[in-house]
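Chemist: Please read through the structure below; I'll follow up with questions.
Values quoted throughout were computed directly from the atomic coordinates according to the rules given, and no laboratory measurement underlies them. What you see is a predicted model, and the numbers here were worked out from it, not measured in a lab. Glycine gets a Cβ as well: all are built from the backbone with ideal geometry, and neighbour counts include every protein chain shown.
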Amino acid sequence: MSGVAEKLRSLPASVWNYVFPNEEELTGQVDPHTGAVRLSRRLGGDNVQKGDSILEVTDLGVNFWVNGEWFAAAEHVNYELHAGEVLAIVGESGSGKTQSSMALLGLLPPNGRATGSAKLKGVELIDLDAAAMREIRGNEIAVIFQEPMTALNPVYTVGFQIAETLRAHFIMSPKEARERALELMRLVEIPEPEKSYDKYQHQLSGGQRQRIMIAQSLACDPKLLIADEPTTALDVTVQAEILKLMRSLRERVDAAIILITHDMGVVADMADRIIVMKDGKVVEHGQAADIFYNPQHPYTKALLKAVPHLGTVNLVTPPAYNYSIVERDGEPVPIAPGDPGAEPVLLMEDVAIEYPAQGRRPAFRAAEHINLRIDPGRVVGLVGESGSGKTTVGRAIVGLLPIKEGKLTVAGKDITGAKNKELLNWRKDVGIVFQDPGSSLNPRLPVGESIGEALFLHEHLRGKELSSRVEELLELVELPKSMRNRYPHEFSGGQRQRIGIARALALRPKLLVADEPTSALDVSIQARVLDLFLDLQARYNFACLFISHDLAVVETLSSQIAVMSKGRLVEVGPTPLIVSEPQHPYTQRLLAAVPVPDPAQQRERRELRDAVFASQVS
């Protein structure tokens, strides 16, 4: 008897006979990467070679039963995917790219159905029974979901959830599963993984939650990885590492990857072939180079035209903003000069923000020595890596976090030590667009009520007047009036983000904090939303702190950029100077990591990026 067989003899007979009907198969059940014994068998074994057919999709359709009739979310989808190949599916929000992929795993909602055929190594996935599908999920096919806040279980620690995936598919002790989970967390660069293992999802930043999701999906070395916006919440430096990690997975185990994304820079970096979808139909399908350099369909041409390209925006630098300030020798950055005679909408003077101690966990200082000024009508872009303190600063500005040190003045009011009751009337002067629209909207309220809630509370609007304002706001963000009575779960990620923007602008605030407001939007909608931002700002002259990891978007909107790293501002300056002549090493890393929507140029940038990263490490 083999050593593997001896290790497994403690299994109940029913499990033994189902998983290993032939004892000779046991010698092939040791995972080559982890050394653990795999409980689930691979379809067709582990002998998949690069170029072998992994997935065959034929005439796939997805329909939803709504108000007594079937509506098509995707129809006539056909493609074949091979081992070691990356297929990118792109298209606007609601085009059917996510639903057509979720149908492969039977993850459609109860009112959904899939038709056609999808064969994974010869096994039909459509209408596969639940027990067989459980064996495939995680083991053969893994998914990186778009919104980690709603995909992760809030009841369990993030480390336990990774270990749970491992123990579902491998014979591993709890200690072995923990060690492998910590290894995966290090692989995706979770800071202090030993401490983070026992944290809950709400204790991590958006980017860190996304990395936990990626670690969980890679746990079993799947043969097919469905990555649904895998880098949406990540800053560009971590995004570069994640893309490198996914390329490594493709090369190490010849995994096939379906990449669902609106980021054409990521597509240029990763994709071998591209499918373009619109209104549930495939409008173009071809090699990546053909799609980028010689698009045929008008929608594909419009999609590529809408992609922001770093370094192509030439903003006129106002004289009052002609400066470039860098942290030197640990000294804090001084306050940026503003317009002469203008009263700032936001003024932060040596601000420190600290999370209080909880139980045995000591107090944590998330940001310190923050000095920043925003005048009326100005947009300041705040960029930095996940966990650098960007969102913490944004939440403090709108009064959701207390200030430990320094002075914070917003919309003419010093809110440094203000209590919640004192901030009630002040809150109508500030708005915030949260990073995760799925968790920031009340799932029990129609979106029209969520948008109108602030109007009801602060302006006491009711009846037709309130209804008219809600419909006006929906039109501003390009959503039909009829959608006001739908619930958040009935919208795509991009549509929910637009609803969040409409809610934040309801009271026409003096200051808007936009925390990754375009992260969930496809490029065509993103371009319209950015135009909308500029139009609304010109109309209402509000100031804006635009928090984002997308430097191309920040360059499009912002007159100045503030770069944050490890809780401090390390560089502040006018947008053209920051983009073209970065001074701080961290800013140089950020700019080198930004992907561009051009496959040939992106290959050159990837080599340059690796050289910059290597030189700074050495």
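Chemist: Restricting attention to region 152-192, which chymotrypsin sites (Phe, Trp or Tyr not before Pro) occupy a DSSP loop and are surrounded by at most 15 other Cβ atoms within 10 Å?
Modeler: Filter output for region 152-192: Tyr156.
Chemist: Report the extension gain between His309 and Arg365 in nm, rounded to one decimal, defined as 0.36 nm multiplied by the number of residues separating them, less their alpha carbon distance.
Modeler: Full extension from His309 to Arg365 adds 16.6 nm.
Chemist: If you don't mind, there's one more thing I want to ask. Suppose each label sits 7 Å from its Cα in the direction of the beta carbon; what would the Asp350-Arg113 distance come out to in nanometres?
Modeler: If labels sit at Asp350 and Arg113, their model points lie 6.9 nm apart.
Chemist: Now, a different point. Quick check: Cα centre of region 241-286 to Cα centre of region 160-184, how many Å?
Modeler: Value for the Cα centre distance between the two parts: 28 Å.
Chemist: Another one. Under 15 Å from a point 7 Å along the Cα-to-Cβ line of Glu56: which residues of region 97-118 have their amide N that close?
Modeler: Under 15 Å, as judged by backbone N against the label point of Glu56, lie 116-118 of region 97-118.
Chemist: Apply 1/(1 + (r/R0)^6) to the Cβ-Cβ distance of Arg508 and Ala131, taking R0 = 41 Å, and write down the FRET efficiency to the nearest 0.05.
Modeler: For Arg508 and Ala131, the calculated efficiency is 0.15.
Chemist: Can you list the HN-Hα couplings for region 282-298, worked out from phi with the Karplus curve (6.51, -1.76, 1.60; θ = phi - 60°), rounded to whole Hz and with x for Gly and Pro?
Modeler: Those phi angles translate into 7, 9, 7, 8, x, 5, 4, 4, 5, 5, 6, 9, 9, x, 9, 7, x Hz.
Chemist: If you average the C-alpha positions of region 82-139 and of region 461-481 separately, how far apart do those two centres end up, in angstrom?
Modeler: Value for the Cα centre distance between the two parts: 37 Å.
Chemist: Additional query: Using a basic spin-label model with each label point 7 Å from the Cα along Cα→Cβ, how many nm lie between Val155 and Ala302?
Modeler: Distance between label points: 4.6 nm.
Chemist: Between Glu607 and Lys244, what is the spin-label point distance in nm, taking each point 7 Å from the Cα along the Cα→C-beta axis?
Modeler: It is 1.7 nm.
Chemist: I'd like the FRET efficiency for Asn67 and Ser467, computed as 1/(1 + (r/R0)^6) with the beta carbon distance as r and R0 of 22 Å, rounded to 0.05.
Modeler: 0.55
Chemist: Oh, and also: Gln588 to Leu534: extension gain in nm, 0.36 nm per residue of separation minus the Cα-Cα distance?
Modeler: Extending this stretch completely gives an extra 16.7 nm.
Chemist: Quick one: if the Förster radius is 41 Å, what FRET efficiency do Leu423 and Asp279 give, using the C-beta to C-beta distance and rounding to 0.05?
Modeler: 0.35
Chemist: Could you list which residues have their amide H under 5 Å from that of Met277, counting only those 5 or more apart in sequence or on another chain, with H placed in the peptide plane?
Modeler: Val90, Gly91, Val283
Chemist: Using amide H atoms built in the peptide plane, which far-off residues or other-chain residues are under 5 Å from Gln560 H to H?
Modeler: Val379, Gly381, Thr575
Chemist: Less than 14 Å Cβ to Cβ from Lys305, Lys/Arg counted +1 and Asp/Glu -1: what total charge do the surrounding residues give?
Modeler: -2
Chemist: Would you please name the GluC sites (Glu not before Pro) within region 385-429 that are DSSP coil residues with at most 15 other C-beta atoms within 10 Å of their C-beta?
Modeler: The qualifying sites: there are none.
Chemist: Going by the alpha-carbon gyration tensor, a ≥ b ≥ c the square roots of its eigenvalues, is region 404-450 rounded (a/c under 1.5) or, if a/c is not under 1.5, prolate (a/b greater than b/c) versus oblate?
Modeler: Prolate.
Chemist: Related question: For Glu571, list long-range residues whose amide hydrogen, built 1.01 Å from N in the peptide plane, is under 5 Å from its own amide hydrogen.
Modeler: Those lying under 5 Å, H to H, from Glu571 are Glu327, Val563.
Chemist: In addition: Output ³J(HN,Hα) for region 379-393: one whole-Hz value per residue in order, computed from phi by the Karplus curve 6.51 cos²θ - 1.76 cosθ + 1.60 with θ = phi - 60°, and x for Gly and Pro.
Modeler: In residue order, the calculated couplings are 10, 10, x, 10, 10, x, 6, 4, x, 6, x, 4, 5, 4, 4 Hz.
Chemist: Starting from 0.36 nm per residue, how many nanometres of slack lie between Glu80 and Ser580 once their C-alpha separation is accounted for?
Modeler: Gain on stretching Glu80 to Ser580: 175.8 nm.
Chemist: Right, here's the next one. So which trypsin sites (Lys or Arg not before Pro) in region 443-513 are both in a DSSP loop and have at most 11 other Cβ atoms within 10 Å of their Cβ?
Modeler: Passing both the DSSP loop test and the Cβ count: Arg444, Arg462.
Chemist: In a shell of Cβ-Cβ distance under 14 Å around Ala363, excluding Ala363 itself, what net charge do Lys and Arg (+1) and Asp and Glu (-1) give?
Modeler: +1
Chemist: Would region 381-518 count as rounded, prolate or oblate if I go by the C-alpha gyration tensor, calling it rounded below 1.5 in a/c and otherwise prolate when a/b exceeds b/c, oblate otherwise?
Modeler: Oblate is the answer for region 381-518, as a/c is 1.5 or above yet b/c matches or exceeds a/b.
Chemist: With 24 Å as the limit, write out which pairs from Lys223/Lys244; Lys419/Lys566; Lys195/Lys407; Lys278/Lys464; Lys419/Lys464 have Cα-Cα distances beyond it, or answer none.
Modeler: As for pairs spanning more than 24 Å Cα to Cα, those are Lys419/Lys566; Lys195/Lys407; Lys278/Lys464; Lys419/Lys464.
Chemist: Sticking with this structure for a sec: Under a Cβ-Cβ cut-off of 12 Å, what is the net charge of the residues other than Asp198 that fall near it, where Lys and Arg count +1 and Asp and Glu count -1?
Modeler: That sum, taken over residues with Cβ under 12 Å, equals +3.
Chemist: Per residue of region 459-465, what does 6.51 cos²θ - 1.76 cosθ + 1.60 with θ = phi - 60° give for ³J(HN,Hα)? Whole Hz please, x for Gly and Pro, Karplus curve as stated.
Modeler: 10, 6, 7, 9, x, 5, 5
Chemist: For region 575-606 and region 393-432, compute the distance between their C-alpha centroids and round to whole Å.
Modeler: Computed from Cα coordinates, the inter-centre distance equals 35 Å.
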